[in-house]
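Visitor: The structure that follows is given in the form of structure tokens.
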Amino acid sequence: LLVTGDEYGTLCVWREGGSVSACLAEISADWLAAGCEGGKVAVWQCTTSTSPPSFSTAQVLSGVHTGSISGLTFAVTSNGGSVLLVTGDNRGTLCVWRGAPPPSLSSPPSPPSFEQMQKLSVGGVCIFDCAFSPSGCTFGIAHASSNGKCVCYWRSSGVAGVSGGIMPPPPIQSRTPFPLPKGLIEECLSECEVEKMQAECLALPSYPYSFPSDSDLRPHVAQLLSHLAQLQTEEEEEGEEKTERDKARMSIIHMLTAALGLYSADHAVQKRVEASLSALLPALPSLLQLCKDNLAVMEVVEDSKREGEEEEEEEEE
């Protein structure tokens, strides 16, 4: 089914085959919600298994939003205990509503009974849309402000049990310094650069850590990546035909680049990682064969040493 709305307050339901200006309509778990310019939200229970669909009397949610409704999203708790409706307006207000569990499809539609659960202000920005992630662990909004257009995310909690609010309060004031990695291996495995980018660029209000603004988060990795880029350039500039040893050397450079740059927040570094991983795929059989050849040589050497030691022991006896 497709639901459309216009600026005169008319909703139309369309079946395949056949300005409420800031109004959005959405069907989920047999509920239909429509947001209007005056800040009111109308919710219906609907039965879509019949033709035409049947609708209950609308419940009007009001008294919370002062701007036009521009975002609507539903979520159902994992235990089926409640239906959640999140509404957002063009003045930066989000409201979470809780309703009764989805009714049986066989029962006639009855008026919904949503009640306000939580209200959150995001600083007077104009919200375009809002949505839960498929897992329900994250809630996001698309908005515009004087700083431009962007997307913000919150870690949603309590969705399964619906205890307390599903979104955290506005940004916390005190933040703990992020535990920066110490040592090359720790730097390679640390996601500190990506964490910093998410915390600062995506404006996660519940993020608990702060980052140094004037220091490199992964200094050893950055130095090695620069050296590897120089080596790769030198290898590529040599016009001679590449031997198997040269190809193996280049593959090792690609492996090191991928290992060092996988958690980098630098777009150029990530493009190098992508190129290195792509170059490694066809080279893996040759590298594996080289490893087997090395093992074969080492086994011969070990056998030779063992035989020599045994002969020495026999001579001593």
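Visitor: Tally the residues that are more than 15 Å from Gln230 (Cα to Cα) and more than 22 Å from the chain's Cα centre (by Cα), restricting the search to the stretch 261-276.
Guide: So the count comes out to 1.
Visitor: How about the stretch 171-210: which of its residues are at pLDDT 80 or above and part of a loop (DSSP other than H, G, I, E, B)?
Guide: Phe178, Pro179, Leu180, Pro181, Lys182, Gly183, Ser190, Glu191
Visitor: In the stretch 228-259, how many are open to solvent by less than 30 Å² (accessible area, probe 1.4 Å) and under 18 Å from Leu284 (Cβ atoms)?
Guide: Total satisfying the criteria: 6.
Visitor: If you don't mind, there's one more thing I want to ask. Which residues, taken from the stretch 40-50, are at pLDDT below 90 and in a loop (DSSP other than H, G, I, E, B)?
Guide: Result: Thr48, Ser49, Thr50.
Visitor: I'd like to check something: does the stretch 137-154 contain any residue that is in a loop (DSSP other than H, G, I, E, B) and either of a type in the set (Val, Ile, Thr) or modelled with pLDDT of 80 or more (or both)?
Guide: No, the stretch 137-154 has no match at all.
Visitor: Considering the stretch 211-227 alone, what residues qualify as being part of a helix (DSSP H, G or I) and open to solvent by less than 80 Å² (accessible area, probe 1.4 Å)?
Guide: Within the stretch 211-227, Pro219, Val221, Ala222, Leu224, Leu225, Ser226 meet the criteria.
Visitor: Do you know which of the residues in the stretch 98-109 that are in contact with a strand residue (DSSP E or B) (Cβ under 8 Å, 6 or more places away or on another chain) and assigned to a loop (DSSP other than H, G, I, E, B) is modelled with the lowest pLDDT?
Guide: Leu105
Visitor: Report yes if some residue within the stretch 110-123 is surrounded by 12 or more Cβ atoms within 10 Å (Cβ to Cβ), modelled with pLDDT under 75 and more than 27 Å from Thr50 (Cβ to Cβ); otherwise report no.
Guide: For the stretch 110-123, residues surrounded by 12 or more Cβ atoms within 10 Å (Cβ to Cβ), modelled with pLDDT under 75 and more than 27 Å from Thr50 (Cβ to Cβ): present.
Visitor: Another one. Among the residues of the stretch 74-97, are any on the phi > 0 side of the Ramachandran plot and modelled with pLDDT under 65?
Guide: yes
The values are calculated or read from the model by the stated rules, or taken from the named source; none is laboratory data. Keep in mind it's a predicted model, so treat the numbers as computed, not measured. As a convention, Cβ positions derive from the backbone with ideal geometry for all residues, glycine included, and neighbour counts pool all protein chains shown. Side chains included, ligands, DNA and RNA excluded: accessible areas come from the protein's heavy atoms. Shrake-Rupley method; radii C 1.70, N 1.55, O 1.52, S 1.80 Å.
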